[in-house]
Each structure stands twice: as C-alpha cells, then as structure tokens.
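Only one structure is covered here, and it is reproduced in the block below.
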Amino acid sequence: MMAVTLTLAGCERGTEVKALFTDYLEHLATALEVDPPTLAAPPNIAAFPEDDARLFELPDIREGMLDIYALRECQIAALVANRNNQLGKVAAPSQRWLYELELWRRLEACRHSPVAKRLDDEDRQRLERLARLKAERMPKASWNALFGSEEWTGSFSRASGPLSPEALTRPNQALAALAYLRTMTARQLDADWQPDSSTLEQHLKALREEPLSAQVLRSLQLASLRLEETNRLFDAAEAESTCPLTDTERLTAWRAQVMERLGPYLEGLTQFAGSWLGAVDALLNVQKVSRQPIDDYRHDWLSLDNPEAPWQRFLNARKSHDQHWQQLIRRCSNNNGV
C-alpha cells in the first residue's frame, strides 16, 4: 500500500470550480490506487423557448374615440393615449404590465364610483365590459411581462458557466426581486396593493446583473457529473479492496482534508441552488396561466421533484457520494490488523 500524505493540492482563491473537481478526483484516484476516470464534458442546458412559444397573443381591445371620451371622467383617456403613442408601443414588458394594471384599477374604481351612475346604459355597460375584459386578461398580461422581459429570459442564457466557489453567497438582491415579482403577480388584482414602477425596475436591474438561473443549472450539471464519476471511482476501489489507510482516526482526518475545499463548495451550492430554484418555483406557482413549452422546460430543468432534473440529480449524486465515503471508512476500518 502506498504512503498517503495528508495534504491535497487545493484550489487557491478564484480557481474555477472545474479545477476544484479535477484536483479532487485525481487525488482520490491516486490515494485509492485506481485509474482516474475520464472526465466527461457536462452538456449545456437547453435553450429557453422562443417568444412565440412562451408568450400569449393579446390582441388590442379597440374602442372608438367617442366611446373612450364618454368615459373621460374615469380618467383613462390620457393613459390610453400614452399607451398608443410611439413610446408606448415600444415600452418594455414591465412598463406594459404597469399600464395594464393601472388601466384596470381606474376602470374598476370608476365602476364603483358616482361616475358610473351618471353614465347612460350603453356607456355603463361598456365600462363594465372593459373592466371585466382587462381583469380576465391580466394573468396573461403578467405572464407576458415576466416571460417577455430581457431580465428573465437573460437569466437562462446558455452563454454562462458554473458558479465559482467565491460566488456562492446568498443572492439576496436577486431573491428579493423574485419575491417582489411573486407578490406583484399574486396581488395584481388586489385594489389594496399598489405596485411601484421604480421598485419594479430596481428589482429587474438586480436580475440583470447575472444569469443566475443558468449559472445554477450549469453548476448542478457539472457537480452531478463529477460526483457520479467519483462514485464510480469508489466502486472501482471497492472491487479492488483498496484502502488508503487502515486506522480509523487517520482515515477520518484524511477524508476531512480531502474534502476541505470540495465540501464547502458542495454545501454552498446546495444552499444557493435550493434557495434560487425554490424562489423560481414559487414565482411560477403564482402564475394563473402557462404555456406548454415552459411547462416542459420547467419539468426538465427547474423541477424540485423530477429525479432527472438537475436539482434532484445533484442531491442524489451527493447523497451517494457521502454514502461511498462512509462505506470506505467502514471497510478500511474493518481491515485494521488483517
């Protein structure tokens, strides 16, 4: 049996996570006297569905100028005019969402105000119809606002890499952004809750900083693959009955040093990815509508329960990895004195 030095070629601060796993696997293979695995390249995440596959078509509700003028006391004429001018037609999805919310709120307030009583029957029915149609369309409008925004689609950019060890701090600002979007979606038809344009834009800016969804998924892809390769390395060592040490105390200390760099990364990734994917799941759960391509993407990549999706695959690989370590310690300890 080879002598084992209780050190590990560690990762200096800033080293890419790929090198972290590579060093770990090479060191472990040497200590267990088995051939190191051929490291496979993790596949990229799937492309996010295109606009026509993820967005709803919402045709304009057209009313004549005289009809809108009849509702002038509802204070919607200027709002509609701003929506229909050149700037309004190219407004960002978030601003179009705010427009839809404000228009519905004004129509709804007008329905329950003295103004409605002063309208003739035709205009009162028009007011009722417009308020109802806007309310019915709001779930699709908020869906389009989210899935049409560059901030949200950019979060799933395939031109991204895994999170580095230094990046595994809780993304508080981005999580706050998801929480605000969730609240805004859930309470958009709640007249007692008021959305704020500057707050919304501030949160969207936080999402724009990093493509966190893609980075989390790429990290889980890489970590799962490397842990699965490590588990096969343990299987090979078990078949060869090789043990780096036969003293339980020294073996436990050796494991702690081997895992000195990788252990915190795996724990950090578990906490980071769990928080992020949980927040994404909560945001998607408050949506009242969906599109099938998004449902498919969510099942394949964002699911917290699908065993083939990145999250559960990572948890299963990590659990198996921990079990292999325990099995190695028990097996080598049983060989003590033999």
Which condition does G268 not pass, out of (1) open to solvent by less than 10 Å² (accessible area, probe 1.4 Å); (2) in contact with a Leu (Cβ under 7 Å, 6 or more places away or on another chain), if it passes all the others? (1)
Check whether at least one residue in segment 113-133 is among the basic types (K, R), open to solvent by less than 30 Å² (accessible area, probe 1.4 Å), part of a helix (DSSP H, G or I) and over 16 Å from L55 (Cα atoms), and report yes or no. yes
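Here's the yes/no breakdown for (1) among the hydrophobic types (A, V, I, L, M, F, W, C); (2) exposed (fewer than 15 other Cβ atoms within 10 Å of the Cβ); (3) more than 16 Å from the chain's Cα centre (by Cα):
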site: P139; (1), (2), (3): no, no, yes
site: F147; (1), (2), (3): yes, no, no
site: P165; (1), (2), (3): no, no, yes
site: P171; (1), (2), (3): no, no, no
Could you please let me know if E210 is out of contact with any Cys (no Cβ under 6 Å at 6 or more places or on another chain), within 28 Å of Y297 (Cα to Cα) and modelled with pLDDT under 95? yes
Taking segment 80-98 as the region of interest, how many residues are open to solvent by 30 Å² or more (accessible area, probe 1.4 Å) and either in contact (Cβ under 8 Å) with a residue 60 or more places away in the chain or under 20 Å from R187 (Cβ atoms) (or both)? 2
For segment 251-338, which helices (runs of 4 or more DSSP H) that fit wholly inside it have 2 or more residues that are within 19 Å of A29 (Cα to Cα)? 262-285, 310-334
Residues of segment 175-198 that turn out to be among the β-branched types (V, I, T) and either modelled with pLDDT under 95 or assigned to a loop (DSSP other than H, G, I, E, B) (or both), as a count: 0
Are any of the residues in segment 245-264 under 18 Å from P42 (Cβ atoms), more than 13 Å from the chain's Cα centre (by Cα) and in contact (Cβ under 8 Å) with a residue 40 or more places away in the chain? yes
Name the pairs: first residue in segment 28-56 and closer than 30 Å to F234 by Cα, second residue at pLDDT 90 or above and in a loop (DSSP other than H, G, I, E, B), Cβ to Cβ under 7 Å, at least 6 apart or on different chains? N44/R158; I45/R158
Within segment 173-208, restricting attention to residues that are open to solvent by less than 40 Å² (accessible area, probe 1.4 Å) and not hydrophobic (A, V, I, L, M, F, W, C), which residue is nearest to E16 (Cα to Cα)? H203
The lone condition L119 fails out of (1) at pLDDT 90 or above; (2) in contact with a helix residue (DSSP H, G or I) (Cβ under 6 Å, 6 or more places away or on another chain) is (2)
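The values are calculated or read from the model by the stated rules, or taken from the named source; none is laboratory data. Everything numeric in this text was worked out from a predicted model, so none of it was measured. Using ideal geometry, Cβ is built from the backbone for each residue, glycine included, and neighbour counts are taken over all protein chains shown. Ligands, DNA and RNA are stripped out before the accessible areas are found, and what is left, the full protein with its side chains, is counted by its heavy atoms. Shrake-Rupley method; radii C 1.70, N 1.55, O 1.52, S 1.80 Å.
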